[in-house]
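What follows is a set of notes on a single structure, which appears directly below.
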Amino acid sequence: MITAGPTREYIDPVRFISNPSTGKMGYALASSVCARGHQAILVSGPTCLEAPRRAKTIPVISADDMHRAVFENLQGVDAVIMAAAVSDFKPASHARLKIKKDRASLHLALKRNPDILHVLGKMKHSYYLVGFAAETDHVMLHAQQKLLKKNLDMIVANRVDREDTGFGSDFNEAVLLFKEGKNKRIAKTSKTRLADVVVREILSHIDRGQPSHFC
Ligand code: CTP
């Protein structure tokens, strides 16, 4: 199972909070999984991308939708890759009608969204669990903390404050950190190639005797 793209947290029917994720990394992972003859379940936030034809694609909008879709489709999955840029907060209330600008300022109260990866880590049984760490500073430290806190098998640490890699770019530069303590640095490369490296690493850690399901 692969999650991809941003989530949208609606304030009113025409406005939302989100982030610049385009879904390219998650879609590249799903394509790589399918290209190797495995089944991919792609849980995708809103993107402009075409899903790989052989993937089972589940479109979602909000973090709550993504949370639901992941857990409804988890049975039988061999690996979960959370590549989505999930919004950590959502508006505390959702206005049914468009909010009018009849006031000088507007205060928006936010509340926490579920941390899907953290829940997956707490209840982990047979699946191999991979997260992405989107960082602007102290990349290795923050990624290491997330690896441990979320009980992951691998985390892909990448910077999201550069124009030539990360959000929206066709390229990325990353460090793969494994729970066994090993690290693997991937110099700037295409997201397609990075996806292949990540998928190959996962396959080398799980039983490849049978076709797998990724979520
Ligand atoms: N993630 C998640 N649910 C959330 C937030 C994040 O499942 N509500 C997942 C992401 O898909 C990613 C990993 O957790 O695989 C790390 O996400 P990141 O945004 O780097 O960090 P956070 O855990 O949100 O922590 P912080 O924003 O404080 O850096």
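The values are calculated or read from the model by the stated rules, or taken from the named source; none is laboratory data. On a predicted model such as this, the values are computed, not experimentally measured, just so you know. Here Cβ is always computed from backbone atoms with ideal geometry, including for glycine, and neighbour counts include all displayed protein chains. Only protein heavy atoms, including side chains, enter the accessible area calculation; ligands, DNA and RNA are left aside. Shrake-Rupley method; radii C 1.70, N 1.55, O 1.52, S 1.80 Å.
Let me spell it out: the conditions are (1) surrounded by 13 or more Cβ atoms within 10 Å (Cβ to Cβ); (2) under 16 Å from the mean Cα position of the chain (by Cα); (3) touching a residue at least 60 places away in the same chain (Cβ under 8 Å), and Asp153 meets all of them except one. Which number is the exception?
Going through (1) surrounded by 13 or more Cβ atoms within 10 Å (Cβ to Cβ); (2) under 16 Å from the mean Cα position of the chain (by Cα); (3) touching a residue at least 60 places away in the same chain (Cβ under 8 Å) one by one, Asp153 breaks only (3).
Could we say that Asn73 is under 16 Å from Thr7 (Cβ atoms), of a type outside the set (Gly, Ala, Ser) and open to solvent by less than 50 Å² (accessible area, probe 1.4 Å) here?
no
Would you mind finding the one in Leu29, Leu117, Leu106 that is out of contact with any His (no Cβ under 8 Å at 6 or more places or on another chain), more than 16 Å from the ligand (Cβ to nearest atom) and of a type outside the set (S, T, N, Q)?
Of Leu29, Leu117, Leu106, the one residue that is out of contact with any His (no Cβ under 8 Å at 6 or more places or on another chain), more than 16 Å from the ligand (Cβ to nearest atom) and of a type outside the set (S, T, N, Q) is Leu106.
Which is at pLDDT 95 or above, open to solvent by less than 30 Å² (accessible area, probe 1.4 Å) and out of contact with any helix residue (DSSP H, G or I) (no Cβ under 8 Å at 6 or more places or on another chain), of Ile41, Ile81?
On inspection, the qualifying residue turns out to be Ile41.
Taking Pro20, is it farther than 19 Å from Asn73 by Cα, at pLDDT below 95 and open to solvent by 10 Å² or more (accessible area, probe 1.4 Å)?
yes
Could you say whether any residue in the range 57-64 is more than 12 Å from the ligand (Cβ to nearest atom), within 15 Å of the chain's Cα centre (by Cα), open to solvent by less than 60 Å² (accessible area, probe 1.4 Å) and under 11 Å from Ile2 (Cα atoms)?
The answer is yes, given that some residue of the range 57-64 is more than 12 Å from the ligand (Cβ to nearest atom), within 15 Å of the chain's Cα centre (by Cα), open to solvent by less than 60 Å² (accessible area, probe 1.4 Å) and under 11 Å from Ile2 (Cα atoms).
Could you look through the range 67-92, keep only residues that are under 14 Å from the mean Cα position of the chain (by Cα) and more than 17 Å from Glu201 (Cβ to Cβ), and pick out the one that is farthest from the ligand (Cβ to nearest atom)?
Here the answer is Ala69.
Which of the residues that make up the range 112-143 are of a type in the set (A, V, I, L, M), under 16 Å from the mean Cα position of the chain (by Cα), under 17 Å from Leu176 (Cβ atoms) and open to solvent by 10 Å² or more (accessible area, probe 1.4 Å)?
Leu117, Ala134
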